[in-house]
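Report on the following structure.
The values are calculated or read from the model by the stated rules, or taken from the named source; none is laboratory data. Given the structure is predicted, the values throughout are model-derived calculations rather than measurements. Heads up, the Cβs are rebuilt from the backbone with ideal geometry, glycines too, and the neighbour counts pull from every protein chain shown.
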Amino acid sequence: MVAELKYEISQNAYIKLVLHALKHKTTAVNGILLGRVNPQNDSVVEIADSVPLFHSNLALLPSLEIALIMIEEHYGSKGLGIVGYFHANERFDDAELGIVAKNIGDHICRYFPQAAIFLLDNKKLEALPMGKDQSPVMQLYIRDASKNWKLAGPDGGSRLVIKEPAANAVLSDYISSEKWQDVVDFDDHLDDIKKDWLNPELFK
Amino acid sequence: MVSKTEETQLNRLENQVDNGGGGAWEYLCLVRKLKVRRSEKVLKYGLSILNDPKQRSALGPEEWTLYEQVAIAAMDCQCLNVAKDCIKALLKKFPESKRVGRLEGMLLEAKGSWAEAEKAYSSLLEDNPLDQVIHKRKVAMAKAQGNISGAIESLNKYLEIFMADHDAWRELAEIYVSLQMYKQAAFCYEELILSQPTVPLYHLAYADVLYTLGGLENLQTSKKYYASTIDLTGGKNTRALLGVCLCTSAIGQVSKGRNKEDKESPELQSLAAKALEKEYRQKADDKLGLLTSALRSLKI
């Protein structure tokens, strides 16, 4: 039986994805999670970085295929692989994992069977500035034995954690200063290749 | 839908206003003309003009256009009190106006009072059954409530009457794509290409949809439309250039072992690859390595 996996996302990877969603409030957005299985503890998947992908036409293949090739190539040389997928729905009160997200998740599972999907939790995001909650504003989905995507069980809260405990405080600050304007995604790059989807200057 | 030049112009103006260099009214007019959605900025700069009596009166009759623009932006940003005040001012000036009635309907939408908004729009439609904006508001309401199939149905009905509304065709196409109904999306883009054959965006979107549908015939047609996009954009569109390479690779995969009679000429993809490499070398030189290995893995 597969041990229950835990997913630990780094602060920067986490914040980048949420800021991306905030930059494009009126559309669905998605992103790729990069990381690896923790070499000392193979029941933990560490997400070291993320790449924001698109804010329009998420269900079209050409840009997705190019993005995945380039992302894999870049991160492969750093010993990191694609370990999951992030999705934020278009509407505030849509908390369902849609078919596009599931399909992309399935595709990623072909290469990394323990891949997870993180779905932006809009209600938690809205409550962020008001609370001291250190848990991520995302829901964790994993595939069960019959390869169906399921919301991680009642203990799901402890299976997706942010590595740095103060991450939400940092995120709240960035939200106040409208830092989302600086996030570049793959769509932006394809529209103007001078824009860098690696976002090297974002957290400097 | 805006061109790159228009977008650059708009962003330049926006930066200018952001940095205190003035030009707020010019910016607001440009946003209106291009029909882009920059509600936070419109709200901020529009309000600053409206709240300054000198600037407001300097607008003359345009003052009322600004009230309308700010009302809509305020609703988009959930600043409903601001929206209410703008609408009140407009009602005072134009008491029987259907145009203001529309804004009142939109305010009900913004509050989430769907049933009341529906009622308001229906009564406005009784007097003016061909009001395109209201018909589209009804589609928007369906979409906002998560009733996507209702939105599709209404939008299709709308397009039977107003078949020249390109934005509506695009919206329908994008809804279809989000539901992975690619054939239906393709049909929408076909309509758009038929009526506006020189707009590269439609060729590109159509090519993307065909590629996603897959199958030899669709891939070959997709490649043609990426090519026509390249033609219409003077070879500057990165997505189209990459599209040509993706199609070539996919066609190669699909037709492995098949009849080689239809062997494609290799010029198109090698030209596309060269153009891409040139672009990346000039503008994104740190990513050139990634591009070349991507092209290599596509066997271009």
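Listed values, structure above:
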{"quantity": "Any hit, segment B:225-233, residues being hydrophobic (A, V, I, L, M, F, W, C), at the interface with another protein chain (Cβ under 9 Å from one of its Cβ atoms) and farther than 22 Å from residue A:196 by Cα", "calculated": "no"}
{"quantity": "Segment B:44-71, residues that are of a type outside the set (Gly, Ala, Ser) and over 16 Å from residue B:89 (Cα atoms)", "calculated": "B:44, B:45, B:54, B:55"}
{"quantity": "Flag if residue A:180 is crowded, with 17+ Cβ neighbours inside 10 Å and away from every other protein chain (no Cβ under 14 Å)", "calculated": "no"}
{"quantity": "Residue that is nearest to the other protein chains (Cβ to nearest Cβ), among those in segment A:54-92 that are among the acidic types (Asp, Glu) and within 30 Å of residue B:189 (Cα to Cα)", "calculated": "A:65"}
{"quantity": "All positions within segment B:153-188 that are in contact with a Lys or Arg (Cβ under 9 Å, 6 or more places away or on another chain) and within 26 Å of residue A:94 (Cβ to Cβ)", "calculated": "B:154, B:155, B:158, B:167, B:168, B:171, B:175, B:176, B:188"}
{"quantity": "Given (1) assigned to a loop (DSSP other than H, G, I, E, B); (2) farther than 30 Å from residue B:244 by Cα; (3) within 16 Å of the chain's Cα centre (by Cα), number of the condition residue A:42 does not satisfy", "calculated": "(3)"}
{"quantity": "Test set (1) surrounded by fewer than 23 Cβ atoms within 10 Å (Cβ to Cβ); (2) under 21 Å from residue A:193 (Cα atoms) - residue B:203 fails condition number", "calculated": "(1)"}
{"quantity": "Of all residues making up segment B:109-127, the number that are crowded, with 19+ Cβ neighbours inside 10 Å and either within 24 Å of the chain's Cα centre (by Cα) or aliphatic (A, V, I, L, M) (or both)", "calculated": "5"}
{"quantity": "Members of segment B:114-151 found to be in a helix (DSSP H, G or I), of a type in the set (S, T, N, Q) and without any contact (Cβ under 8 Å) to a residue 24 or more places away in the chain, listed by number", "calculated": "B:122, B:123, B:149"}
{"quantity": "The one condition in (1) touching a helix residue (DSSP H, G or I) at 6+ places or on another chain (Cβ under 9 Å); (2) more than 14 Å from every other protein chain (Cβ to nearest Cβ) that residue A:191 fails to fulfil", "calculated": "(2)"}
{"quantity": "One residue from B:184, B:180 being more than 17 Å from residue B:229 (Cα to Cα), without any contact (Cβ under 8 Å) to a residue 40 or more places away in the chain, within 13 Å of another protein chain (Cβ to nearest Cβ) and not in a helix (DSSP H, G or I)", "calculated": "B:180"}
{"quantity": "Hits in segment B:110-139 - residues which are under 19 Å from residue B:168 (Cα atoms) and not β-branched (Val, Ile, Thr)", "calculated": "B:121, B:125, B:129, B:130, B:131, B:132, B:135, B:136, B:137, B:138"}
{"quantity": "Set B:274, B:283, B:278: member being touching a Lys or Arg at 6+ places or on another chain (Cβ under 8 Å), modelled with pLDDT of 95 or more and loosely packed, with under 15 Cβ neighbours inside 10 Å", "calculated": "B:283"}
{"quantity": "Test result for residue B:220, farther than 22 Å from residue A:75 by Cα and surrounded by fewer than 16 Cβ atoms within 10 Å (Cβ to Cβ)", "calculated": "no"}
{"quantity": "Subset of segment B:149-165 that is of a type outside the set (S, T, N, Q) and buried (at least 16 other Cβ atoms within 10 Å of the Cβ) - its residue that is nearest to the other protein chains (Cβ to nearest Cβ)", "calculated": "B:151"}
{"quantity": "Close pairs (8 angstrom Cβ cut-off, 6 or more residues apart or separate chains): facing chain A (nearest Cβ under 9 Å) in segment B:267-292, among the basic types (Lys, Arg) and part of a helix (DSSP H, G or I) anywhere", "calculated": "B:280/B:287"}
{"quantity": "Hits in segment A:129-138 - residues which are at pLDDT below 95 and not in a loop (DSSP other than H, G, I, E, B)", "calculated": "A:129, A:130"}
{"quantity": "Test: residue in segment A:94-115 that is more than 14 Å from every other protein chain (Cβ to nearest Cβ) and under 11 Å from the mean Cα position of the chain (by Cα)", "calculated": "no"}
{"quantity": "Positions within segment B:214-237 being in a helix (DSSP H, G or I), within 22 Å of residue B:182 (Cβ to Cβ) and within 21 Å of the chain's Cα centre (by Cα), in sequence order", "calculated": "B:225, B:226, B:228, B:229"}
{"quantity": "Every residue from segment B:187-224 that is within 12 Å of chain A (Cβ to nearest Cβ), within 22 Å of residue B:2 (Cα to Cα) and touching a residue at least 24 places away in the same chain (Cβ under 8 Å)", "calculated": "B:201, B:204, B:205, B:207, B:208, B:209"}
{"quantity": "Those helices (runs of 4 or more DSSP H) lying entirely in segment B:1-77 with at least 2 residues of a type in the set (Gly, Ala, Ser) and under 21 Å from the mean Cα position of the chain (by Cα)", "calculated": "B:62-76"}
